[in-house]
Amino acid sequence: MSEQDEVYSSKISYKGYFSFKDFYAFCYNWLAEEAGLDVAENEYGEKISGPSKSIGFKWGCTKEVTDYFQFEIKLDFKVDGLTEAEINKGGVKIKTNSGSISVKLKASLVRDYEGKFETSGKMKIWRGIYEKWIISQRVAEFEDKLSGIAEGFLSQAKAFLDLESADK
C-alpha cells in the first residue's frame, strides 16, 4: 500500500462578479497545462433555486514524477448563489455571473504508488531504509515542488477572480 504525506492544504474564497465558465476553464487549463497534472472530475452537482444555483464539484489531479513518487492534488469547489448578471465594461454591456466561490485544496506526496515495496515484510523494511537513508533529500525536494505547485495554483486562481472583478 502506498504512503501519503499531506504537504499543503489551503482555501480561497471570493464573492462578486466572475465568469463561472471562464474560471472553470482557467483552473482546468492551469492544472493540466502549467502543472502537467492529469485532472479528473470525480463529483459534480447542481441545485437550482429560482434564478440562482449552487454548484459543487471535486477534482482529483495526479502526476507521476518518478516510478516511486506521485503528486496528488484534491480540489473541492463550491459555488453559491450563482446568478447571471450584466455589467458595464468600457461602455459595453457584458454578460457574466455573480455569486460566491470557495476552493479547498489538499496536496499529497504519494510514495511507492505502485506498491512495489509491498510484496513482503522484508521489502517494507527495505522501503523504510530506502526512504530514511537514501532518498530523504529527494522526498524534501518533491514536497517543496508540490507545495509550490499547489500554492501557485491558488494564487493564480485568486488573481484570476480579482482581475475579473477589477475590470467591472
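Helices meeting the span-like rule in the chain (full DSSP H runs, Cα extent of at least 15 Å along the helix axis, mean Kyte-Doolittle score of -1.0 or higher): 136-166.
Show me 36-47, 54-65 ranked by packing, highest mean number of other Cβ atoms within 10 Å first.
Values: 36-47: 12.3, 54-65: 16.9.
The peptides rank, most packed first, as 54-65, 36-47.
Extension gain for the segment Glu3 to Glu141, taken as residue separation times 0.36 nm less the Cα-Cα distance, is 48.0 nm to one decimal. In the structure shown, the pairs Lys104/Lys132; Lys11/Lys63; Lys11/Lys116 are assessed against 29 Å; a Cα-Cα span above that value is assigned to Lys104/Lys132; Lys11/Lys116. Computed packing ranks the peptides 118-131, 67-80, 90-103 as 67-80, 90-103, 118-131, most packed first, by mean other Cβ atoms within 10 Å. Each of Tyr24, Tyr14 has some number of other Cβ atoms within 10 Å of its Cβ, and from fewest to most they run Tyr24, Tyr14. Estimated from the Cβ-Cβ distance and a Förster radius of 41 angstrom, the FRET efficiency linking Glu41 and Lys122 is about 0.55. Computed from the C-beta positions of Lys132 and Lys21, the FRET efficiency with R₀ = 45 Å rounds to 0.40. Per residue of the chain, the DSSP helices (runs of n ≥ 4 H) give a summed -39500 (n - 2.57) that works out to -10000 deg cm²/dmol at 222 nm.
Each Cα pair under 8 Å and six or more residues apart adds its sequence gap; the mean of these over the residue count of the range 1-114 is a relative contact order of 37 percent.
Every read-out reported here was derived from the displayed coordinates using simple, explicitly stated rules and does not represent laboratory data. Only a predicted model underlies this, so the values are computations on that prediction, with no experimental measurement involved. Cβ coordinates were reconstructed from backbone atoms using ideal geometry, including for glycine residues, and neighbour counts include every protein chain displayed.
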